[in-house]
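The values are calculated or read from the model by the stated rules, or taken from the named source; none is laboratory data. Computed from a predicted model, the values in this text were never measured in an experiment. In this analysis, Cβ positions are derived from the backbone assuming ideal geometry, glycine residues included, and neighbour counts consider all displayed protein chains. Ligands, DNA and RNA are stripped out before the accessible areas are found, and what is left, the full protein with its side chains, is counted by its heavy atoms. Shrake-Rupley method; radii C 1.70, N 1.55, O 1.52, S 1.80 Å.
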Amino acid sequence: QVQLVESGGGLVQAGGSLRLSCAASGRTFSTYAMGWFRQAPGKERELVAAISRSGDTTYYADSVKGRFTISRDNAKNTVYLQMNALKPEDTAVYYCAANSLVVSRRAGEYDYWGQGTQVTVST
């Protein structure tokens, strides 16, 4: 079993940056593909970015391409989401998730989820 703990959320002005971190417990972090999802009030949870076990494959939502970067450090059991040029529409609770099979865009294919961290972007 994997436990995931997100950090790094907060309040930032539009155009600013934040870096989210997700620390995973256990010794098998490198065997999981990882994803960042977000959910805004009244909206469905959506994929933001995903990364394969080795980090050589990444997916991004069209809305964040060129602004967000997902990365991982398997030695530190941590996945990151660097968010630049933030917009008010990026406001949401951000969740990291682990997938024991393959990197995926589908939330339903992720086995473990963190509790989420709030990101609020003001105008």
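What is the number of the single condition among (1) more than 16 Å from residue 107 (Cβ to Cβ); (2) at pLDDT 95 or above that residue 36 does not meet?
Failed condition: (1).
Among the numbered conditions (1) open to solvent by 30 Å² or more (accessible area, probe 1.4 Å); (2) touching a residue at least 24 places away in the same chain (Cβ under 8 Å); (3) not in a loop (DSSP other than H, G, I, E, B), tell me where residue 85 comes up short.
So residue 85 meets the others, but not (3).
Yes/no matrix, rows are residues, columns are (1) open to solvent by 20 Å² or more (accessible area, probe 1.4 Å); (2) closer than 20 Å to residue 113 by Cβ; (3) part of a loop (DSSP other than H, G, I, E, B); (4) in contact (Cβ under 8 Å) with a residue 60 or more places away in the chain:
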residue	(1), (2), (3), (4)
2	no, yes, yes, yes
15	yes, no, yes, yes
23	yes, yes, no, no
26	yes, yes, yes, no
44	yes, yes, yes, no
50	no, yes, no, no
66	yes, no, yes, no
72	yes, yes, no, no
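If you check 54, 30, which single one turns out to be of a type outside the set (D, E, K, R), in contact with a helix residue (DSSP H, G or I) (Cβ under 9 Å, 6 or more places away or on another chain) and either surrounded by fewer than 16 Cβ atoms within 10 Å (Cβ to Cβ) or assigned to a loop (DSSP other than H, G, I, E, B) (or both)?
On the way: 30 fails: in contact with a helix residue (DSSP H, G or I) (Cβ under 9 Å, 6 or more places away or on another chain).
When all the criteria are applied, what remains is 54.
Restricting attention to region 96-123, which residues are aliphatic (A, V, I, L, M), open to solvent by 10 Å² or more (accessible area, probe 1.4 Å) and under 12 Å from the mean Cα position of the chain (by Cα)?
107
Since residue 61 meets every condition but one in (1) in contact (Cβ under 8 Å) with a residue 24 or more places away in the chain; (2) closer than 17 Å to residue 110 by Cβ; (3) open to solvent by less than 50 Å² (accessible area, probe 1.4 Å); (4) not aromatic (Phe, Trp, Tyr), which condition does it not meet?
(1)
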